[in-house]
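Laboratory data are not the source of any read-out in this text; all were calculated from the coordinates shown. Source: prediction; values computed, not measured. Neighbour counts are summed over all protein chains in view; Cβ atoms, including those assigned to glycine, are modelled from backbone coordinates with ideal geometry.
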Amino acid sequence: MVAKPGIAIVGPGNLGTALAVELRRGGFVIEAVIAHSPKSLRRARALAKRTGARVASNLLNVKAEVVWLCVPDSSIRSAARLLATQLEWKGRVALHSSGALTSDELDSLRKLGAGVASAHPFMTFVRGSQPTLARVPFAIEGDASAVRVARRMVRDLGGQAYPIPKADKAAYHAWGTFASPLLTALLATTEQAAAIAGVGRKAAVRRMMPILLQTLANYAAFGAPGAFSGPLVRGDAETVARHLRVLSDVPAAREVYLSLGRAALKYLPTKNRSALKRLLDKS
């Protein structure tokens with residue numbers, strides 16, 4: 001494939017929508033958006049309008065050289081089996097974007113002559129947000145022919161393509177889960193801590209944004225050790241004890257505090273480590 005290949009997007013969810021829009025901006029032709037349920041059909045129509053694609057319930061009569069599956073992990077293998085009967089796959093490329101699963105989920109298409117690969121963007125996709133994929137890293141593994149196509153597409157998007165061994169995908173995805181979903185869970189927990197201090201959710205979000213943004217800026221500039229501040233880095237065991245007492249009103253938040261405090265002692269610079277460790281271990 002010397003020219004940019006035509007693309008069919010299977011699944012117009014958050015990822016499929018963002019990916020299709022960015023691919024269209026990158027000069028790719030989105031030939032079709034494939035949807036099956038009434039709910040996904042509505043989203044497919046909206047996405048097709050944005051990208052100049054047509055909406056279909058299957059791949060029959062679709063000429064796209066690349067079929068990109070953007071369905072939930074649990075549906076990738078079954079979706080591939082369903083699509084296997086709808087195209088002549090020899091010479092085509094099939095991709096999926098699971099961070100946890102390998103290209104082997106597309107074995108049914110590989111057996112029919114398709115080159116298959118997984119290409120996962122290290123980015124978060126939520127309803128109402130359209131993140132750019134420029135500078136976003138994509139972890140790619142699979143058949144050599146499909147990997148070449150995926151890498152070229154990622155470069156055309158302004159992203160960065162990286163190889164990943166199949167054996168590392170679960171650990172890689174766990175890393176990504178810490179970087180965004182569990183970080184979001186931590187932020188939700190901070191709202192509970194704010195509530196103890198008499199601050200409502202909306203006000204808490206507004207007041208937290210400056211310190212959150214500065215923390216991320218510090219992390220980017222100085223790394224985790226250089227961005228770390230507060231009572232643990234100072235070794236202030238009395239303040240930590242006060243925190244734990246007041247957090248007893250929100251046990252889940254207290255457990256998060258304890259877990260992150262122990263992680264701080266293990267990975268970050270802290271003073272008065274022995275006293276802090278005793279306090280966290282007995283709490």
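Quick one: dipole size for the stretch 134-275, taken about the Cα centre, charges +1 on Lys/Arg Cβ and -1 on Asp/Glu Cβ, in debye to the nearest 20.
Details: 19 positive and 9 negative charges, 40 e Å.
Once rounded to the nearest 20, the dipole reads 200 debye.
From the Cα gyration tensor of the stretch 62-162, with a ≥ b ≥ c the square roots of its eigenvalues, which class applies: rounded if a/c is under 1.5, or else prolate if a/b is larger than b/c, or else oblate? Please list the in-between numbers first.
On the way: a/c = 1.85, a/b = 1.45, b/c = 1.28.
Cα axes put the stretch 62-162 in the prolate bin.
For the stretch 1-138, give me the percentage of DSSP beta bridges that are antiparallel, rounded to the nearest 5 percent.
Details: 1 of 20 bridges.
Roughly 5 percent of the beta bridges in the stretch 1-138 run antiparallel, per DSSP.
What distance in nm separates the two pseudo spin-label positions at A203 and A221, each 7 Å out from Cα along the beta-carbon direction?
With each label point 7 Å from Cα toward Cβ, the separation is 3.1 nm.
About the Cα centre, and with charges only on the beta carbon of Lys, Arg (+1) and Asp, Glu (-1), how big is the dipole of the chain? Nearest 20 debye, please. Provide the component values of the computation, followed by the final result.
Values: 40 positive and 18 negative charges, 110 e Å.
For this selection, approximately 540 debye.
With a cut-off of 8 Å between alpha carbons and a minimum separation of six or more residues, what is the relative contact order of the chain in percent?
Numbers: 434 pairs, mean separation 32.1, N = 283.
Computed value for the chain: 11 percent relative contact order.
From the Cα gyration tensor of the chain, with a ≥ b ≥ c the square roots of its eigenvalues, which class applies: rounded if a/c is under 1.5, or else prolate if a/b is larger than b/c, or else oblate?
Numbers: a/c = 2.64, a/b = 2.22, b/c = 1.19.
In terms of gyration-tensor shape, prolate.
Under 29 Å between alpha carbons: how many lysine pairs meet that in the chain, if sequence neighbours fewer than 8 apart on the same chain are excluded?
Within the chain, the lysine pair count is 20.
If each DSSP helix of 4+ residues adds -39,500 (n - 2.57) and the sum is divided by the residues in the chain, what number results at 222 nm, nearest 500 deg cm²/dmol?
Working: 12 runs with 150 residues, N = 283.
Rounded to the nearest 500, the figure is -16500 deg cm²/dmol.
Sorting check: for 39-46, 149-156, which peptide has the highest mean count of neighbouring beta carbons within 10 Å, and how do the rest follow? Let's see the in-between values first.
Values: 39-46: 17.0, 149-156: 19.4.
Answer by packing, highest mean first, reads 149-156, 39-46.
Sort the stretch 180-282 into rounded, prolate or oblate with this rule: let a ≥ b ≥ c be the square roots of the eigenvalues of the Cα gyration tensor; rounded if a/c is under 1.5, and if a/c is not under 1.5, prolate when a/b is larger than b/c, oblate otherwise.
Values: a/c = 1.87, a/b = 1.12, b/c = 1.66.
Because a/c hits 1.5 or more and a/b fails to exceed b/c, the stretch 180-282 counts as oblate.
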